[in-house]
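Asks: My questions will all concern the structure given below.
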Amino acid sequence: MALAQRDDGRAAGAGPLVGLGGFMVEGSLDTTNVMLGIMAAVSVLEALLLIGLGVGGFLLYRRTTALVTGLEARQIAPLRDKVDAILADVKGVTSRVSQRTERVDHAISGTMDRVDETADRVKTRVRDRVNQAVGVARGVRAVITTILHDNGNREGASRVNVEG
């Protein structure tokens, strides 16, 4: 870049030339330094704000954790103890019901076995009694048949002897 002579008679190297839309404007380092200072201050404020937000978030986390822990100790732990006690009772009742169901099942099974055994005994005794009654009836029938048959033979034999 070539150094140009200004209208006011100063040398061109006295200050930087800034071009705006075709016009050359002399810039001031004071303005730039002030702007840089403001940007640095804003950056520091942003950093402080982020650090503050981080610390605030951490404190909020600690308070929330303490609140949850206290809530759990005051309300959830007693409820859990009650629920555990109820579950233990339910387990005991279930165990007793299971044992009694097993006993009832065993008793019913034993009763059914005894009923089957008694039915077999009754059936055997009835069959024996019926067989005895049938035997007596057959014996009586045989006696009657023999008597009737023998009477018929004696009458026929006595006729043959008388006529003969």
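Asks: According to the Cα gyration tensor, what semi-axes, each the square root of 5 times an eigenvalue, does the equivalent ellipsoid of region 104-143 have, listed from largest to smallest in whole Å?
Replies: Numbers: eigenvalues 285, 3, 3 Å².
In descending order the semi-axes read 38, 4, 4 Å.
Asks: To continue, here is another question. Could you give the length gained on full extension between Arg138 and Ala66, defined as 0.36 nm per residue of separation minus the Cα-Cα distance, in nm?
Replies: On the way: separation 72, 0.36 × 72 = 25.92 nm, distance 10.35 nm.
Going from the current span to full extension adds 15.6 nm.
Asks: Same structure again: Give the Debye-formula value of log10 I(q)/I(0) at each listed q (0.09, 0.11, 0.14, 0.21 Å⁻¹), with one equal scatterer per alpha carbon of region 15-151, two decimals each.
Replies: Treating every Cα as an identical point scatterer, log10 I(q)/I(0) equals -0.78, -0.88, -0.99, -1.20.
Asks: Using 0.36 nm times the number of residues separating Ile76 and Ile38, minus their current alpha carbon distance, what extension gain do you get?
Replies: On the way: separation 38, 0.36 × 38 = 13.68 nm, distance 5.39 nm.
Length gained, Ile76 through Ile38: 8.3 nm.
Asks: Given points 7 Å out from each Cα along the Cα-Cβ axis, report the Leu29 to Arg121 separation in nanometres with one decimal.
Replies: 12.9 nm
A short reminder: the numbers here are calculations on the coordinates, not readings from a lab. Everything numeric in this text was worked out from a predicted model, so none of it was measured. Using ideal geometry, Cβ is built from the backbone for each residue, glycine included, and neighbour counts are taken over all protein chains shown.
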